[in-house]
1. Please state which one of GLN78, GLN130 is touching a strand residue (DSSP E or B) at 6+ places or on another chain (Cβ under 9 Å) and either over 30 Å from ARG316 (Cα atoms) or of a type outside the set (Ser, Thr, Tyr) (or both).
2. Against the definition (surrounded by fewer than 12 Cβ atoms within 10 Å (Cβ to Cβ), assigned by TED's automatic domain parsing to the domain that holds ALA300 and at pLDDT 85 or above), how does GLU378 come out, yes or no?
3. Which members of segment 42-72 meet the condition of being among the basic types (Lys, Arg) and part of a loop (DSSP other than H, G, I, E, B)?
4. Has segment 184-199 got at least one residue that is touching a residue at least 60 places away in the same chain (Cβ under 8 Å) and surrounded by fewer than 15 Cβ atoms within 10 Å (Cβ to Cβ)?
5. If VAL133 meets every condition in (1) touching a residue at least 12 places away in the same chain (Cβ under 8 Å); (2) more than 26 Å from LEU23 (Cα to Cα); (3) not in a helix (DSSP H, G or I) apart from one, which number is that one?
6. Could you say which residue among THR347, THR359 is farther than 19 Å from GLU407 by Cα, of a type in the set (Val, Ile, Thr), at pLDDT 75 or above and exposed (fewer than 15 other Cβ atoms within 10 Å of the Cβ)?
7. When you go through LEU146, LEU142 one by one, which is the residue that is free of Cβ contacts under 8 Å to residues at least 60 places away in the same chain, part of a helix (DSSP H, G or I) and either surrounded by fewer than 20 Cβ atoms within 10 Å (Cβ to Cβ) or in the same structural domain as VAL245 (by TED's automatic domain parsing) (or both)?
Amino acid sequence: HKIRLGRLPDDRLTLQTGKTFELRPATAVADDAAPAPAVDVTTGASTSRDDLAAILQPGDRVLLADGAVELRVMGSEQHVVQTMIVHGGVIRTRSGVNVPSHRLTGDALTDEDRAAVPRALEMRADMLAQSFVRTAADVEALRALLPADGPPIVAKIETRQAVENFDEIAGSADGVMVARGDLGVDLPFQDVPMVQKRLIEVARRRGAFSIVATQMLESMTIAARPTRAEVSDVANAVLDGADAVMLSAETAIGDHPVEAAVAMTAICVATERDGADDLPSASLPPVADHPQAIVHAARALTDAYPRARAIWCFTRSGRTAEMLSLLRPGLPIVAFTSGPVPARRLTVRNAVIPLVLGTNRTGEPLIERMEQAARAQELVPRDEQMSVVLVTTTSEPGGVNRLELHELNEVT
């Protein structure tokens, strides 16, 4: 469970190098309705854990706000941790608090986490992000609390231990998040780029989608345009093969949330358009729970018929579209589903454009309904001939029963 600071005066505070700073128990932390702490708010802050004094030792390094501020533990007294500010900077209400990962032990799921699961299901959450996953067993502990058709689990990779156990974690989780803020604290920051690249590739080979997050357009919390280095960072995540890139502070507390989202989208579109030859594309080893020969055949068909402009698939569970996405065929994958839940869950998958067909009440042929839905979204040119690879599935999740090259606007 991520540790965060509590309420701060004016929601931000500047810490000066060489001064002392206290980390106080978890009073007045929680949400925006929590009362302000009744202590000197300029010399310390409350945290979301009340046991830091018990687990931190003199000499330990504590980082705030994804490493922007560094503290050194001097000691503790009456549940309060005294620290020296080694590198000052600006912190904000609910900034992250990073302590040495080997100090954190115990159940990966807190009581608060367990209580949140039923609420998330009641709210029909599309995905659940699990913080500070250390092993595949942590993921399975969360999955045990979910129904069989529950939301996908996104394992946040934030510690050295998670990196060491990543192969098993990626095989257990539905998706992974390369959470570079915390990861860059637990690992040397210079190691993070290559770790990111490796995690994305391993995730794809294990069948999990990948999200790259944290500080991608950090300067846009203040500035209206990204730095050139940030543009390159986002583009490199795309070229690494990430399924998605994520904004956090830029849209949560930044001054230009819309501009940040527009900039992120523009970078991704341009990179995929101009860097198509550099994007990952490879065969995958067999996956035991999916009859994927037809999926590989669809990929082969796109290679054999370069005039194909897209892959269309009808999928009830979303599994066929997920497998096609993992193969990175270099074409848009239009996934037609019978309901909104699989459609929403597919939005994070690389190259997948989900469309909801709904229930067939008129008896129309499936291909005609697919064409109508695609035309309504302007995915088919009006007067230009277009070829698509068509994949349709049986009623069994992941089963496939049809593969063909289909012509649209065919000239006779």
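1. Being touching a strand residue (DSSP E or B) at 6+ places or on another chain (Cβ under 9 Å) and either over 30 Å from ARG316 (Cα atoms) or of a type outside the set (Ser, Thr, Tyr) (or both) holds for just one of GLN78, GLN130, which is GLN130.
2. Working: surrounded by fewer than 12 Cβ atoms within 10 Å (Cβ to Cβ): yes; assigned by TED's automatic domain parsing to the domain that holds ALA300: yes; at pLDDT 85 or above: yes.
Against the criterion (surrounded by fewer than 12 Cβ atoms within 10 Å (Cβ to Cβ), assigned by TED's automatic domain parsing to the domain that holds ALA300 and at pLDDT 85 or above), GLU378 qualifies.
3. Applying the first criterion (among the basic types (Lys, Arg)) to segment 42-72 yields 49, 61, 72.
Matches in segment 42-72: ARG49 only.
4. Scanning segment 184-199, I find at least one residue that is touching a residue at least 60 places away in the same chain (Cβ under 8 Å) and surrounded by fewer than 15 Cβ atoms within 10 Å (Cβ to Cβ), so the answer is yes.
5. Among (1) touching a residue at least 12 places away in the same chain (Cβ under 8 Å); (2) more than 26 Å from LEU23 (Cα to Cα); (3) not in a helix (DSSP H, G or I), VAL133 violates only (2).
6. Working: THR359 fails: at pLDDT 75 or above.
The unique qualifying residue is THR347.
7. One residue alone meets the criteria, LEU142.
Each row is one residue, and each column tells you yes or no for (1) assigned by TED's automatic domain parsing to the domain that holds ARG206; (2) under 30 Å from THR221 (Cα atoms); (3) modelled with pLDDT of 95 or more.
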residue	(1), (2), (3)
LEU63	no, yes, no
GLY67	no, yes, no
ARG92	no, yes, no
THR105	no, no, no
ARG119	yes, no, yes
SER131	yes, yes, no
ALA137	yes, no, yes
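The values are calculated or read from the model by the stated rules, or taken from the named source; none is laboratory data. Given the structure is predicted, the values throughout are model-derived calculations rather than measurements. Cβ coordinates were reconstructed from backbone atoms using ideal geometry, including for glycine residues, and neighbour counts include every protein chain displayed.
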